[in-house]
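One structure is given below, encoded as structure tokens.
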Amino acid sequence: MLEVHTIDELREALAAERMKGRSIGFVPTMGYFHEGHITLMKEAKKRADTAVVSIFVNPTQFGPNEDLDKYPRDLDRDRSMAQEAGVDILFTPSAEEIYPEGYASYVDVIGITRVLCGKSRPGHFRGVATVVTKLLNIVQPNIALFGEKDWQQLAVIKKLVADLNIDIEIVGMPTVREEDGLAMSSRNIYLAPEERSAALIISKSLKLAQNMVDNGEGDASNILSALRGAIEGEGLVELEYLEICDPESLVPVKEITADTLIAIAARVGAARLIDNALIRPQLENTGDLV
């Protein structure tokens, strides 16, 4: 595995790969890898000849009172995990490399960034959209892969790629979970044992929503009420938002008539956790014979 730190080094390495006719798969990350990241890397290796992974804790997507300084970092561990996953090129730039002195250009996706996480994290998606646009322009991959746990982020990236005519295939990969259902996240390290146990109410609530729909409930307000009661009944979990919405526009819906996104954000101790699921209504039996 080749590790590079500058844009020029990366472009030189990728030019050599393209000269060989090799396709490029890209996974942008903030590091501190878990199995979710590894799944993305392995999928990139399956879908492309050369797998490129970046590690960059992007300062522009953190608010003034957020965890930029204490965000978990372990480059040696990440380097070893990436190599074991089959990554070909690891890009580990400094903040000064990505945002040199005098930097003044940003990407702002309107609409879908103003809801869900965008309500409580003003400027977050401006930072995400900017750094992802920069990384896609630097790497110029054939395909880039992102986790569906960050559903809103994935929606924003798909929108900016479409709107800016960036010729890259964006692929979302299913959320990877611990055996007990907790969505894998680098921030799970913040959880004390009792907090981690309490955090399971988030994934349990997503299952409850699907069970309600399976049993014929289609009223979003009834589902929201049941889930809010379950989550707020867990004393260590502070609910930030709970929404049922269209998976693409993220506009709230009143009735579950098609695949619908349920999205949750909550604070558990020092950790801000997000999770989501597509809830699917039962298809009506039309009586057609096969």
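Scoring Ser105 on the criteria (1) in contact with an Asp or Glu (Cβ under 9 Å, 6 or more places away or on another chain); (2) of a type in the set (Ser, Thr, Tyr); (3) more than 28 Å from Ser185 (Cβ to Cβ) leaves a single failure, condition (1).
Scan region 84-94 for residues that are out of contact with any strand residue (DSSP E or B) (no Cβ under 7 Å at 6 or more places or on another chain), of a type outside the set (Gly, Ala, Ser) and surrounded by 14 or more Cβ atoms within 10 Å (Cβ to Cβ) and report the count. Even if it seems obvious, please write down each step before you answer.
Residues of region 84-94 out of contact with any strand residue (DSSP E or B) (no Cβ under 7 Å at 6 or more places or on another chain): 84-85, 93-94.
From what's left, of a type outside the set (Gly, Ala, Ser): 84, 93.
Narrowing further to those that are surrounded by 14 or more Cβ atoms within 10 Å (Cβ to Cβ): 93.
Within region 84-94, residues that are out of contact with any strand residue (DSSP E or B) (no Cβ under 7 Å at 6 or more places or on another chain), of a type outside the set (Gly, Ala, Ser) and surrounded by 14 or more Cβ atoms within 10 Å (Cβ to Cβ) number 1.
Does Ile138 satisfy being touching a helix residue (DSSP H, G or I) at 6+ places or on another chain (Cβ under 6 Å), under 23 Å from Glu35 (Cα atoms) and in the same structural domain as Ala13 (by TED's automatic domain parsing)? Spell out how you get there, then give the answer.
Working: touching a helix residue (DSSP H, G or I) at 6+ places or on another chain (Cβ under 6 Å): yes; under 23 Å from Glu35 (Cα atoms): no; in the same structural domain as Ala13 (by TED's automatic domain parsing): yes.
Taking the combined requirement at face value, the residue does not satisfy it.
Out of all the residues in region 116-142, which are of a type in the set (S, T, N, Q) and surrounded by 20 or more Cβ atoms within 10 Å (Cβ to Cβ)? Selection gives Thr130 alone.
Can you pull out the strands (runs of 3 or more DSSP E) entirely within region 174-290 that have at least 3 residues that are in contact (Cβ under 8 Å) with a residue 12 or more places away in the chain and surrounded by fewer than 19 Cβ atoms within 10 Å (Cβ to Cβ)?
Where strands (runs of 3 or more DSSP E) fall fully within region 174-290 and carry at least 3 residues being in contact (Cβ under 8 Å) with a residue 12 or more places away in the chain and surrounded by fewer than 19 Cβ atoms within 10 Å (Cβ to Cβ), they are 237-245.
Does Glu43 satisfy the condition of being loosely packed, with under 15 Cβ neighbours inside 10 Å and not β-branched (Val, Ile, Thr)? Judged against the criteria, Glu43 is not a match. Of the strands (runs of 3 or more DSSP E) entirely within region 1-108, those holding at least 2 residues that are without any contact (Cβ under 8 Å) to a residue 40 or more places away in the chain, touching a helix residue (DSSP H, G or I) at 6+ places or on another chain (Cβ under 6 Å) and over 16 Å from Lys134 (Cα atoms) occupy 50-55.
Yes or no, residue by residue, for (1) in contact with a Ser or Thr (Cβ under 9 Å, 6 or more places away or on another chain); (2) surrounded by 17 or more Cβ atoms within 10 Å (Cβ to Cβ); (3) not assigned by TED's automatic domain parsing to the domain that holds Arg272:
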| residue | (1), (2), (3) |
| --- | --- |
| Arg11 | no, no, yes |
| Gly36 | yes, yes, yes |
| Thr39 | no, yes, yes |
| Ser54 | yes, yes, yes |
| Asn58 | yes, yes, yes |
| Asp67 | no, no, yes |
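The values are calculated or read from the model by the stated rules, or taken from the named source; none is laboratory data. Predicted model, so just to flag it, every value in this text is computed and none were measured. All Cβ positions, glycine included, derive from the backbone under ideal geometry; neighbour counts span all protein chains shown.
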